[in-house]
Amino acid sequence: MLHSFGGRTKSVPHVDIKCIVNENIICGNCGEKPVGDFYENKSKILCPRCYDYNYKWQEKYNRAYLTSFRKARDCSFMHEHEGTTAVFQKISDKELKKLKQKEAYLSLYWS
């Protein structure tokens, strides 16, 4: 949460949401499709399992490089594209706002 002195607070999303219409998300290390969240740095994508393994053992990438990765999530939990750029919304805007607020709040305590 970002605070301004006496003003409104602004919640900072913990996970970037990426709308990917025609591209398939594939881990650059193991070649599998990540389930749920993934880590992204410019054009490089890592699944959580490969990220954690490389962060711990530094086998393929060093920690300095891995810290530049940001956590991201596919947009499929909130809407469907069905091969086009148009979207079919699964959850309402009110539910989505509540979900983002809850996740931003909990990310202060668990990462």
Check: Across segment 85-111, which residue is nearest to TYR39 (Cα to Cα) among those that are free of Cβ contacts under 8 Å to residues at least 24 places away in the same chain, of a type in the set (Lys, Arg) and assigned to a helix (DSSP H, G or I)?
Finding: LYS102
Item checked: Single residue of segment 28-44 satisfying the filter (under 21 Å from HIS81 (Cβ atoms) and either among the aromatic types (Phe, Trp, Tyr) or open to solvent by less than 30 Å² (accessible area, probe 1.4 Å) (or both)) that is modelled with the highest pLDDT -> PHE38
Next item on the list: Keeping to segment 62-111, report how many residues are farther than 26 Å from LYS42 by Cβ and in contact with a Phe, Trp or Tyr (Cβ under 6 Å, 6 or more places away or on another chain).
Entry: 1
Checklist line | Residues of segment 7-27 satisfying the condition of being open to solvent by less than 50 Å² (accessible area, probe 1.4 Å) and modelled with pLDDT of 85 or more | finding: VAL15, ASP16, ILE25, CYS27
Note to self: Given (1) more than 18 Å from TRP110 (Cα to Cα); (2) in contact (Cβ under 8 Å) with a residue 12 or more places away in the chain; (3) open to solvent by 50 Å² or more (accessible area, probe 1.4 Å), identify the lone condition not met by GLU82.
What the structure shows: (2)
Checklist line | Neighbours by Cβ (under 6 Å, 6+ apart or cross-chain): first from segment 21-46, touching a residue at least 60 places away in the same chain (Cβ under 8 Å); second in a loop (DSSP other than H, G, I, E, B) and not acidic (Asp, Glu) | finding: VAL21/HIS81; VAL21/THR85
Next item on the list: Find the residue count for segment 47-73, including only residues that are over 21 Å from GLY36 (Cβ atoms) and either charged (D, E, K, R) or in a helix (DSSP H, G or I) (or both).
Entry: 6
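The values are calculated or read from the model by the stated rules, or taken from the named source; none is laboratory data. It should be emphasised that the depicted structure is a prediction, and the values quoted were computed from it without experimental measurement. A quick note on method: Cβ atoms are made from the backbone with ideal geometry, for glycine too, and the neighbour counts reach across all protein chains shown. Keep in mind that these areas ignore ligands, DNA and RNA; they rest on the heavy atoms of the full protein, side chains included. Shrake-Rupley method; radii C 1.70, N 1.55, O 1.52, S 1.80 Å.
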